[in-house]
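The values are calculated or read from the model by the stated rules, or taken from the named source; none is laboratory data. None of these values were measured; they are calculated from a predicted model. So basically every Cβ, Gly included, is an ideal-geometry build from the backbone, and we count neighbours across all protein chains shown. Just the protein is used for accessible areas: all its heavy atoms, side chains included, with ligands, DNA and RNA removed. Shrake-Rupley method; radii C 1.70, N 1.55, O 1.52, S 1.80 Å.
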Amino acid sequence: MAMNKKSLAVLLITIFLLGYGWHRTQFQDSLKKFLQSCHRPEEKDETPPPPIPSTQRTELQVNIDNLFEKIQRLIPEAPFTHFNRTTSGKNSKTSIVNPKKQYCVGEDLVVQLDMYDYLGNRKTYGGDFIRPRLFSKELGAAVSGRVEDFNNGSYHIHFPLYWEGKCKVSILLFHPSEGVAALWRSRHSSLGVIGFFGKFEKFGKKAETPCGFKLEEKEGKEICEYVDPVYEEAFYCYKVPNFTCESLNEMRCFYPQASYLTPGEREIFQRSNIAVEIPETFSPMVVTGCNSSDFTPKPKCQMGMGSPFPSGYFFKNVWNPVYCNMTVYRTGEDFLKCLEGKNLFLIGDSTLRQFIMHFTEGIKIVQYFRYHHSGWAAWAMTLEALNMGKDLYVSYKRHGFPLEHDTFYYFEDDMYTSRQIDQRAGGKNTIFVITMGQHFRQFPLKLFIRRALNIRRALERLFLRSPDTKVIIKSENTRELYAPVERQGDFHGYTQYLVLREVFKDLNVGFVDAWDMTVASATATVHPPGITFDSILSLTFSFAC
């Protein structure tokens, strides 16, 4: 049916008048049929509508997937065939690229690595997990090296020369590329290599039940869902008969002895095959100033500064950021000048609990409130400390589930870091120090990425309402070489370190590169002692004050 606009208008009015007494629904149906009959055949859309996806990805999920894929592209395709075909640290070789008679402060020393397997065959692909450092024990000096992978079995290690004097190179092969590929596969073969028990309590009765980020559906078993829709976070527990889901009160982890490595792959991760020193073919060198008088003063460390890699170096046992001037904090008075009148919120794991332990039991600038232990006793507890005379408040809280702790702890006290941030007004006298990582190494990386992105979004909201709030992000650090590699190994920590650098790189926060510090100082303990911890504190409060 072909009609001009005037005829169509007249006809519509006529229909309306004729149908004035009709029931409204009858009129709408008649009008709809008429309008459908007015379509010209050539205008009919033959394209079928697009299918509606069964699941719609949220913006957060898209960002999680994109960042995960970016990290995954760094993982080598190196399937395990036989242990003797894996990279051997002792058989691999080092040499200096373009050796010189004299090395000057301000230059780069470039060391080439050529990797070989246990049979003496040249490796033809990259992806080995290498930890390099340049150091001088006599000078209390050390710096990390930057690894350039040519993906053919050769690497260049770039060491910036920051001090005059003797320098020695140390390059550790932590894991061969075959081990890296195996650890990545293992990490993503399940929803975690540790499990959890939740304790339900009601009217004095108690019961334990398995919990986790995903539970299999079992006949006769109801599942309690603990979903936070704002942050798209969730975990689950099997419901205990005669208890409500709200009865969940305490939580602990357990180790099911799960492994997703083959017997052959496990040989790679025997202690003697981890962190193997690659032999050097050159002697320690002496770096000179080369009569250079160029000196560019660095600005004070402040929020929003980009952190390069390496981000700094130790000299005379003090960390020197390469991009800013760090204030050294040593005494209680030093810290009180910074923190007087402040509210300091430490949110994370035990590496931040170190901070409040130092303030209460070390330099004693605050006193615990209602905590009657010392050291690491009851380490999962929320802690508060006060200095009434200096109007100083310090608190430490966990970052929320998951927590690797094999005795029951009060779970209802846990909140995700992002929610803890959202509950604070902020302001010029508020300081947040945030870390996470060690308790996430046991789970697929997407869980960690989700948590990091949620923290970023919470900080963006915080800065909208309180732009003068100080926020410091502390990366995780290296840990003991004897730590269970599949569950807690440093390769998992390194991928999380890359995520944190990416997520917070353009936000108005201070970034404390504890990973770089602990690699440079060769600190292989989850709670860094001595000069490393002192420098982590100094850099943190250089940003804060």
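Among the residues of region 247-258, is there at least one that is farther than 24 Å from residue 413 by Cα and in contact (Cβ under 8 Å) with a residue 24 or more places away in the chain?
Yes, there is a match, as at least one residue in region 247-258 is farther than 24 Å from residue 413 by Cα and in contact (Cβ under 8 Å) with a residue 24 or more places away in the chain.
The single condition among (1) over 19 Å from residue 323 (Cβ atoms); (2) out of contact with any Phe, Trp or Tyr (no Cβ under 6 Å at 6 or more places or on another chain) that residue 432 does not satisfy is (2). Looking only at region 110-161, residues that are small (Gly, Ala, Ser) and assigned to a loop (DSSP other than H, G, I, E, B) come to 6 in all. The number of residues in region 369-414 being in a loop (DSSP other than H, G, I, E, B) and closer than 21 Å to residue 254 by Cα comes to 17. The set of residues in region 147-157 being of a type outside the set (S, T, N, Q) and crowded, with 16+ Cβ neighbours inside 10 Å consists of 147, 149, 153, 155, 156, 157. Sub-7 Å Cβ pairs linking a first residue in region 61-83 that is farther than 17 Å from residue 502 by Cα to a second residue that is of a type in the set (Asp, Glu), at least 6 apart or interchain, are 78/178; 80/178; 80/265; 83/267, ordered by first then second residue. When 322, 287 are checked against the criterion of being under 20 Å from residue 531 (Cβ atoms) and not aromatic (Phe, Trp, Tyr), a single residue qualifies: 322. Being out of contact with any strand residue (DSSP E or B) (no Cβ under 6 Å at 6 or more places or on another chain) and at positive phi holds for only one residue in 493, 437, 489, and it is 437. Being over 9 Å from the mean Cα position of the chain (by Cα) and open to solvent by less than 10 Å² (accessible area, probe 1.4 Å) is a condition met by at least one residue of region 446-455.
Per the conditions (1) within 29 Å of residue 338 (Cβ to Cβ); (2) in contact (Cβ under 8 Å) with a residue 60 or more places away in the chain; (3) out of contact with any helix residue (DSSP H, G or I) (no Cβ under 6 Å at 6 or more places or on another chain); (4) in a helix (DSSP H, G or I), the sole criterion not satisfied by residue 505 is (4).
Can residue 312 be described as modelled with pLDDT of 95 or more and touching a Pro at 6+ places or on another chain (Cβ under 6 Å)? Spelling it out, residue 312 is indeed modelled with pLDDT of 95 or more and touching a Pro at 6+ places or on another chain (Cβ under 6 Å). Remark: pairs (first residue in region 337-365, under 14 Å from residue 392 (Cα atoms); second residue part of a strand (DSSP E or B) and among the charged types (D, E, K, R); Cβ separation under 9 Å; 6+ apart in sequence or on different chains) = 342/470; 345/397; 346/397; 356/384.
Let's see how each residue does on (1) within 46 Å of the chain's Cα centre (by Cα); (2) open to solvent by less than 80 Å² (accessible area, probe 1.4 Å); (3) modelled with pLDDT under 95; (4) under 30 Å from residue 232 (Cβ atoms):
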position	(1), (2), (3), (4)
14	no, yes, yes, no
18	no, no, yes, no
21	no, yes, yes, no
34	no, yes, yes, no
84	yes, yes, no, no
88	yes, yes, no, no
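Number of residues in region 122-143 that are open to solvent by 60 Å² or more (accessible area, probe 1.4 Å) and without any contact (Cβ under 8 Å) to a residue 40 or more places away in the chain: the value is 4.
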